[in-house]
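Notes to accompany the following structure.
The values are calculated or read from the model by the stated rules, or taken from the named source; none is laboratory data. Treat the numbers as computed from the prediction; the structure is a model and nothing was measured. All Cβ positions, even for glycine, are placed from backbone atoms using ideal geometry, and neighbour counts span all protein chains on display. SASA here: full protein model, heavy atoms, side chains in, ligands and nucleic acids out. Shrake-Rupley method; radii C 1.70, N 1.55, O 1.52, S 1.80 Å.
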Amino acid sequence: MSSSSAAPPSNDDPLHAPLLPPPPPAAAAAVAGGEGRAKSEPDKICIDGMLQKYCGEFGPWQLRHFVLTSLAWSLEAFHTMVMIFADREPAWRCTDPAVGGWGCDWAATGVCGLDRGSWEWVEGGGSSTVTEWGLVCGEKYKVGLVQALFFGGCMIGAGTFGHLSDSFLGRKGSLTVVCILNAIFGCLTALSPDYWTYCLLRFITGFSTGGVGLCAFVLSTEPIGPKKRGAAGMSTFYFFSCGIALLSGIAYVFRSWRDLYIASSIPSMLFIVGVLPFISESPRWYLVRGKIDDAMKLMRAIAKANRKHLPDGVILALDEEVNENSNDGRSCKDQRDKKDVITGSLIDVVKSPVTRIRLFLAVAINFLCSVVYYGISLNVVNLGTNLYLNVFLNGVAEMPAFTITALLLDKFGRKPLAIGTQWFSGFFCLIGSLMTINGVWKVARMVCGILGIFGMAGTYNLLFIYTAELFPTVVRNAALGCGAQAAQMGAILAPLVVVLGGGFPFAVFAVCAILGGILAFYLPETLNRPLYDTMAGMEGGESV
């Protein structure tokens, strides 16, 4: 009796038979293992991997977002280059040729030393700040002063908004703030009652302008995959050059400097109202700030717009989490709870042996290239031809350099192009420094200047994408801000070199370009390298 009761129930007994037959041992093990993996840990992947595998590297969503965000570069061109027209010294003419022993016509090269009643401005007293406040002769230094103050404001603003966009304000928040400030203070500049108020308002405008291109560049390129990011980043400067060319047309229509400041500030207002609402925050900023749900929501929107599919079992993670060989069974959510917000600062950049030398080289190269770029640009206005046409051609002439550099970027890499474009510019600047300004040599020096700015425009464009790839997300804007600050220092120095005249400026430009190319030798190549999120992720990835 006891033996029969201990026997297992028979399959013929309907009360004890199982409803479903037991699975084979191998199948049961596979199901159990799959359920364990699904419950314990989802598929963690970094943003670059998710873009490449699921969302698309540069689909319709990235194209629309890139174009809308990069329009801010045109706004930066308006607020920066408006000084060329607003602070210009227009033509003058004699009203009393017989004034003075030599006569007014004798002083055809300038008005200094002439009685005020013997000459007048051709376009009237309100055409520029120079005519309105008499910034000529002994007061001419004030034109350079206000320009230096503007670039000084740009230098401070680049560092400030570089930090804010990496921290709580974000990329889109910082771009919104700088555009609002530009619109307000650009219009207020037109109401300046005197020169010193004008200087103050230009300094504040420079403070906000210094963050426009910086924030727009990072915001437009961070959602793009690694294989397409370089070419896209190089294309942002087309918008800046188009802004310069468009500004020359606006200045031709609005000849009064006060009207011009209002006209050049209206596009910032239109950008705030008509473009910014359709721009998204960077998914990388969401990720490092611990806003995983927002980052995933945006990645799903990118995948949907690009007609891709993002599986439910995939979740974003920081590169240092993906690189970790974790065997403790914690899920990605568990790790996020531990690292809610990942932050970084320039102190971290300096402390790290990987990024310390990169920051020094990036700052030095940006400074040297800016001296050459702005210096050669200022020399263009000395050609003695139509100012509006000169500025238009200057903006258009840069575009072929951007195209050629973008086409060669992924073929030869960032480092060889950074060296080659700088040495190309330096070579022609060196040739130009050996030429005189007489006869045919004057034309030859002009050609050397055009070729010099052609090469340096390519370098200037390349430096943004190169610098962005050299640093992780948590400090990327701060590092770009340092580079931008160095560039503004070069912009302040450039006019001081140009006023020395002769062949000396070209010699200085040649030395700066050649030295910049030498320094680029010590930078690492970033072609097809991942865009790291954290300092730890970069140190771990670069050590492999």
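Do we have residue 411 as surrounded by fewer than 20 Cβ atoms within 10 Å (Cβ to Cβ), closer than 30 Å to residue 171 by Cβ and in contact with an Asp or Glu (Cβ under 9 Å, 6 or more places away or on another chain) here?
When the stated conditions are applied, residue 411 does not pass them.
Go through segment 445-544 and tell me which helices (runs of 4 or more DSSP H), entirely inside it, have 1 or more residues that are at pLDDT 75 or above, out of contact with any Phe, Trp or Tyr (no Cβ under 7 Å at 6 or more places or on another chain) and of a type in the set (Gly, Ala, Ser).
Those helices (runs of 4 or more DSSP H) span 473-498, 504-520.
When you scan segment 179-290 for helices (runs of 4 or more DSSP H) that lie fully inside it, which ones turn up with 3 or more residues that are open to solvent by 20 Å² or more (accessible area, probe 1.4 Å)?
Counting at least 3 such residues, we get 195-209, 226-253, 257-274.
So if I check each of 184, 204, 180, which one is free of Cβ contacts under 8 Å to residues at least 12 places away in the same chain and within 18 Å of residue 76 (Cβ to Cβ)?
184
When residue 229 is evaluated against the numbered criteria (1) modelled with pLDDT under 85; (2) farther than 29 Å from residue 81 by Cβ; (3) of a type outside the set (Ser, Thr, Tyr), which criterion, by number, is the only one it fails?
(2)
Quick one: how many residues across segment 70-96 are assigned to a helix (DSSP H, G or I) and either out of contact with any Cys (no Cβ under 9 Å at 6 or more places or on another chain) or among the basic types (Lys, Arg) (or both)?
Residues meeting the conditions: 11.
Given the conditions (1) outside any helix (DSSP H, G or I); (2) within 23 Å of the chain's Cα centre (by Cα), which single one is not true for residue 422?
(1)
Condition first: part of a helix (DSSP H, G or I), over 21 Å from residue 488 (Cα atoms) and either aliphatic (A, V, I, L, M) or open to solvent by 20 Å² or more (accessible area, probe 1.4 Å) (or both). Now tell me which residues in segment 160-172 satisfy that.
172
Can you name the condition, by its number, that residue 346 falls short on among (1) at pLDDT 90 or above; (2) out of contact with any Leu (no Cβ under 7 Å at 6 or more places or on another chain); (3) surrounded by 16 or more Cβ atoms within 10 Å (Cβ to Cβ)?
So residue 346 meets the others, but not (1).
Inspect all residues belonging to segment 79-92 and state whether any of them is small (Gly, Ala, Ser) and either over 30 Å from residue 213 (Cα atoms) or modelled with pLDDT under 85 (or both).
Taking every residue of segment 79-92 in turn, at least one turns out to be small (Gly, Ala, Ser) and either over 30 Å from residue 213 (Cα atoms) or modelled with pLDDT under 85 (or both).
Pairs needed: first member in segment 142-159, in contact (Cβ under 8 Å) with a residue 12 or more places away in the chain and more than 14 Å from residue 483 (Cα to Cα); second member anywhere, of a type in the set (D, E, K, R) and open to solvent by 40 Å² or more (accessible area, probe 1.4 Å); C-beta distance under 8 Å; at least 6 residues apart or different chains.
143/89
Which one is nearest to residue 377 (Cα to Cα) among residues in segment 436-483 that are open to solvent by 20 Å² or more (accessible area, probe 1.4 Å) and within 14 Å of the chain's Cα centre (by Cα)?
Of everything passing the filter in segment 436-483, 460 is nearest to residue 377 (Cα to Cα).
Given the conditions (1) in contact with a Leu (Cβ under 8 Å, 6 or more places away or on another chain); (2) within 25 Å of residue 393 (Cα to Cα), report the number of the one that residue 230 does not fulfil.
Of everything listed in (1) in contact with a Leu (Cβ under 8 Å, 6 or more places away or on another chain); (2) within 25 Å of residue 393 (Cα to Cα), residue 230 misses just condition (2).
Of the conditions (1) farther than 21 Å from residue 526 by Cβ; (2) touching a residue at least 12 places away in the same chain (Cβ under 8 Å), residue 253 satisfies every one except a single condition; which number is it?
Residue 253 satisfies all of (1) farther than 21 Å from residue 526 by Cβ; (2) touching a residue at least 12 places away in the same chain (Cβ under 8 Å) except (2).
Considering each residue of segment 120-159, count those that are crowded, with 20+ Cβ neighbours inside 10 Å, in contact with a strand residue (DSSP E or B) (Cβ under 9 Å, 6 or more places away or on another chain) and not aliphatic (A, V, I, L, M), and give that number.
3
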